[in-house]
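To start, the structure itself, in structure tokens.
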Amino acid sequence: MEIHGSCSDRFSAVREEFVRSLRGGADVGASVAVYLDGEPVDLWGGHTDQARTEPWQRDTVTNVWSITKTMTTLCALLLVDRGELDLSTPVAAYWPEFRTEGKDRIEVRHLLGHTAGLPDWDQPMALDDLCDWEKATTLLARQAPRWEPGTASGYHRFTHGFLIGEVVRRVCGQSIGAFFADHIAGPLDIDFHIGLTAEHDHRVSEVIPPTAPAPAANPRVAIPVGAYVTAQDTRSVQWRRAEIPAAAGYGNARSVAAVQSVLATGGRTPSARLLSEATCRSVFREQSHGVDLVLGVPLRFGMGYALTADDAPVRTANLRTCYWGGRGGSLVVNDFDARMTFAYVMNRMTHLGLTDPRGRTLLQAAYEALTP
């Protein structure tokens, strides 16, 4: 199995684990990146198709599912940094139609921390509905929260992106995909997209659905929510073109790590400052810590990211670490103390979510490289 990219001897264990995953068949095609205070690891390999006929290239991109939420969060943080958005202000101050059914006290921070009580729509949603921005956001504005906002987290699987995206739109007048492209991806020259245009279709690796059966229902799940979208659905032009900012982002490990490393480096990019250090640190304002009502696992949420903790699915020695993963196994981790960002993106999905050993093993190898 031929692996491409760059990796210093310091991170040789990352390369070895990556080769092992591809050769052993755990991965079909994948990429892994580590940004350590300007020292990048950038590896890719395998194939873009299940039949293993087309090689994964340097510029291959794929649907990273919920890692897209971290990009949407950065859009909100950028507006906070500019003084145009306040995390403790009621959402209705920006989105007046939201002030119904007891939602007048829901603050922007509740949306980012999955504590708003709006983890799903009150009616089933089809792919057509998810691709209809006005319908999706109008329905959310009309419904009541399912628990007292701010008291617990319940993972906002799809609604997270629509809620934050509509606030961004009300503040700046741009859709979330356009704002991200114009103010983050474009200025940083980074190949990540919320809403993919036709010119990029030729380099997309379609996600490969899990082969193992889905696990039994988790008895700790208090509020089940709809999944709505299958791996096959993401192969449609409709899905690629739509701006679904909780799940339909396209990129690879390099682009994910390049964007997210802005946090771990205190807001600086190689050429400029995107965020202030204070805004970067705001992701650690704890919003909840306990068993998530939707996922049924212990989670500690900050602003738009999960935070490491003793009972967290992703645990690190450095407490100033935030992370999130995408459906199927992708993972991004920002360690502020180590000034390191790690990203793993693949096309072969599993049902394991944040407990998927592929990304976690690579992450552990990256941390081993930091040990003197």
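Since every read-out is calculated from the coordinates, none of them should be taken as a lab result. Computed from a predicted structure; not experimentally measured. Neighbour counts are summed over all protein chains in view; Cβ atoms, including those assigned to glycine, are modelled from backbone coordinates with ideal geometry.
Around Val28, what is the net charge, scoring Lys/Arg as +1 and Asp/Glu as -1 over all other residues with Cβ under 12 Å from its Cβ?
Working: positive: Arg23, Arg52, Arg348, Arg358; negative: Asp27, Asp49, Glu54, Glu206.
Here the count lands on 0.
Could you list Lys103, Lys135 so that the one with the fewest beta carbons within 10 Å of its beta carbon is first and the one with the most is last? Please list the in-between numbers first.
Values: Lys103 23, Lys135 15.
Ascending number of Cβ neighbours within 10 Å: Lys135, Lys103.
Under a 5 Å amide H cut-off, with hydrogens placed 1.01 Å from N, Ala306 pairs with Tyr323 among residues at least 5 apart or on other chains.
Relative contact order for the chain: what is it in percent, counting Cα pairs under 8 Å that are at least 6 residues apart? Please list the in-between numbers first.
Working: 821 pairs, mean separation 89.5, N = 372.
Answer for the chain is 24 percent.
Give, as a single signed number, the net charge of other residues whose beta carbon lies under 13 Å from the beta carbon of Gly266, with Lys and Arg counted +1 and Asp and Glu -1. Present the calculation step by step, with values, prior to reporting the outcome.
Details: positive: Arg268, Arg273, Arg281, Arg320, Arg339; negative: Asp37, Asp81, Glu277, Asp335, Asp337.
Summing Lys/Arg as +1 and Asp/Glu as -1 gives 0.
Largest mean-square fluctuation among Ser330, Ser153, Ser276, in a Gaussian network model of the chain whose springs join Cα atoms under 10 Å apart, belongs to Ser276. About its Cα centre, the dipole of the chain is roughly 400 debye, where the only charges are +1 on Lys and Arg Cβ and -1 on Asp and Glu Cβ.
What ranking, highest mean first, results for peptides 253-260, 12-19 when packing means the other Cβ atoms within 10 Å averaged over each residue?
Details: 253-260: 27.4, 12-19: 19.2.
Taking the mean over residues of other Cβ atoms within 10 Å, the ranking is 253-260, 12-19.
Taking amide H as placed 1.01 Å from N in the peptide plane, the amide H of Glu107 sits under 5 Å from that of Val91, each at least 5 places away or on another chain.
With a Förster radius of 25 Å applied to the C-beta separation of Arg315 and Arg339, the computed FRET efficiency comes to 0.85. If you take the Cα centroid of region 80-128 and the Cα centroid of region 1-78, the two points sit 33 Å apart.
What ranking do Trp121, Trp147, Trp65 get, fewest neighbouring Cβ atoms within 10 angstrom at the top? Working shown, then result.
Details: Trp121 21, Trp147 17, Trp65 24.
Least crowded to most crowded, the residues run Trp147, Trp121, Trp65.
When the Debye formula is applied to the Cα atoms of region 10-110, each taken as the same point scatterer, what base-10 log of I(q)/I(0) results at q = 0.13, 0.17, 0.18, 0.24 Å⁻¹? Debye intensities relative to I(0), on a log10 scale: -0.70, -0.85, -0.90, -1.32. 3J(HN,Hα) couplings calculated from phi for region 199-213 with the Karplus curve 6.51 cos²θ - 1.76 cosθ + 1.60 (θ = phi - 60°) are, in sequence order, 5, 9, 4, 5, 10, 8, 8, 5, 6, 9, x, x, 8, 6, x Hz; Gly and Pro show x.
Arranged from fewest to most other beta-carbon atoms within 10 Å of their beta carbon, Val167, Val41, Val291 become Val291, Val167, Val41. Of the residues Val207, Ala365, Val41, the one whose Cα sits farthest towards the positive end of the charge dipole of the chain is Ala365 (charges of +1 on Lys and Arg Cβ, -1 on Asp and Glu Cβ, taken about the Cα centre).
Counting Lys and Arg as +1 and Asp and Glu as -1, each charge on the Cβ, what is the dipole of region 1-151 about the Cα centre in debye, to the nearest 20? Mind dumping the intermediate values first?
On the way: 15 positive and 25 negative charges, 51 e Å.
Around 240 debye, computed over region 1-151.
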